[in-house]
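Rule-based calculations on the coordinates, nothing more; no lab input. Computed from a predicted structure; not experimentally measured. Please note: Cβ atoms are built from the backbone with ideal geometry, for glycine as well, and neighbour counts cover all protein chains shown.
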Amino acid sequence: MKKILVLGAGGQIGTELVPHLQKNYGYDNVIAADLRPEIVAKLGQNSRAVVMNALEMEAYAKFVKSEGIDTIYNLVALLSATGEKNPQLAWNINMGALLNSLNIAQEYKCSIFTPSSIGAFGENTPHYKTPQDTVMRPNTIYGVCKVTGEMLSDYYHSRFGVDSRSVRFPGIISNGALPGGGTTDYAVEVFYEVAKRGKYTCEVPQDTYMDMLYMPDALEAMTQLMEADPSKLVHRNSFNVTSMSFTPEQLFTEIKKRVPSFTWDYEIDPVKAQISASWPDCLDDTCAREEWGWNPKWGMDAVIDDMLAACRKKVENGEY
Ligand code: AKB
């Protein structure tokens with residue numbers, strides 16, 4: 001049986017990954033870790049939870065050893081838009097947490113999952129059906145960290161035998177915890193704002209295509225890849241995965257068909273505009289499908305219906 005540590009468990013992915021892992025591997029076999037005591041207190045209501053700073057190597061290693069951890073999900077990261085506000089901090093946090101995790105994984109023979117991102121690509125990458133193996137010259141510090149992280153994780157696998165695996169996440173749409181500091185966040189925020197105010201101001205240009213995934217598919221991607229037969233994996237760090245691609249204007253138009261009173265406008269954030277223009281319009285995820293059976297279930301229409309219902313409920317319950 002696995003003994004799993006989720007680092008950065010209080011974020012958008014972690015808050016839903018922890019219960020997903022508990023369901024698959026048992027409540028007692030999953031430990032949620034986060035830097036922020038107030039978040040850990042909240043996580044502790046539904047899981048084993050500890051305060052941990054992934055940059056403090058000694059305490060991190062001691063914990064992994066004492067708990068007999070054999071699988072690490074390293075979700076620690078400053079996202080793309082926040083990263084541009086403080087590139088040095090983004091590098092220190094994103095790479096520090098990854099390097100410590102890889103060294104600990106090597107020492108204690110843990111498997112390790114670290115998400116990469118569409119942010120690993122840049123403006124010179126082919127934007128349509130972006131191949132698995134292609135030009136990777138990102139224009140953000142977040143992307144630089146992701147490409148470096150992919151290469152470092154592959155290096156630890158080939159050099160030290162560490163079982164490192166990863167997917168390149170597009171924007172993840174979810175209704176658990178709000179994302180923070182990403183370029184794709186608009187595709188989550190809009191649902192909350194439709195439910196609360198009936199209107200939304202978008203910072204990403206109206207005609208910018210980006211890939212998206214719904215959280216249930218993102219969770220499946222992580223556990224499915226971590227369970228995949230290693231002999232079938234040609235790639236490891238990292239796989240393209242996607243289930244839909246749309247522009248803000250297309251998303252808002254679809255929402256309006258369901259909520260006729262919904263209105264929106266644009267106040268473009270130049271940083272988000274530049275970042276989103278440099279990212280792929282749509283990925284080719286054939287390798288993930290062929291090597292470990294990636295097969296997402298959620299398309300745009302079903303996601304919109306589900307998000308509208310979930311966010312309405314949140315507003316009714318005073319949770320947003
Ligand atoms: C971001 O927008 O920074 C993230 C991502 C696509 O990696 N959601």
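All C-alpha to C-alpha distances of the chain, sorted into 20 Å bins beginning at zero, yield P(r) values of 33, 60, 7 percent in whole numbers. Evaluating 6.51 cos²θ - 1.76 cosθ + 1.60 at θ = phi - 60° for every residue in segment 56-63, the Karplus couplings come out as 8, 4, 5, 5, 4, 5, 4, 5 Hz, glycine and proline recorded as x.
Where does the chain land at 222 nm, in deg cm²/dmol rounded to the nearest 500, when only DSSP H runs of n ≥ 4 count, each adding -39500 (n - 2.57), divided by all residues? Each step should come with its number before you reach the end.
On the way: 12 runs with 146 residues, N = 320.
Counting only the DSSP helices, I get -14000 deg cm²/dmol.
For GluC sites (Glu not before Pro), the sites in segment 207-294 that DSSP calls loop and that have at most 14 other Cβ atoms within 10 Å are Glu267.
In order along segment 89-103, the Karplus-derived 3J(HN,Hα) couplings, from 6.51 cos²θ - 1.76 cosθ + 1.60 at θ = phi - 60°, round to 5, 4, 4, 4, 6, 5, 7, x, 5, 5, 5, 4, 5, 5, 5 Hz, and Gly and Pro are given as x. In order along segment 108-119, the phi-based Karplus estimate (6.51 cos²θ - 1.76 cosθ + 1.60, θ = phi - 60°) of 3J(HN,Hα) comes to 10, 6, 9, 7, 9, 10, 10, x, 9, 7, 4, x Hz; Gly and Pro are listed as x. Overall, the chain carries a charge dipole of about 580 debye about its Cα centre when +1 sits on the Cβ of Lys and Arg and -1 on the Cβ of Asp and Glu, all other atoms neutral. The slack in the chain from Asn295 to Gln274, taken as 0.36 nm per residue of separation less the alpha-carbon distance, amounts to 4.5 nm. Descending by average beta-carbon neighbour count within 10 Å, the peptides 174-185, 17-28 line up as 174-185, 17-28, the highest first.
Here the peptides 132-138, 205-211 are ranked by packing, the mean other Cβ count within 10 Å, and the order with the highest first is 205-211, 132-138. Length gained on full extension, Asn24 to Glu316, computed as 0.36 nm times the residue gap minus the Cα-Cα distance: 102.0 nm.
Roughly speaking, what is the stretch gain from Leu55 to Glu227, that is 0.36 nm per residue apart minus the C-alpha to C-alpha distance, in nm to one decimal?
Values: separation 172, 0.36 × 172 = 61.92 nm, distance 2.74 nm.
Residue separation times 0.36 nm, minus the Cα-Cα distance, leaves 59.2 nm.
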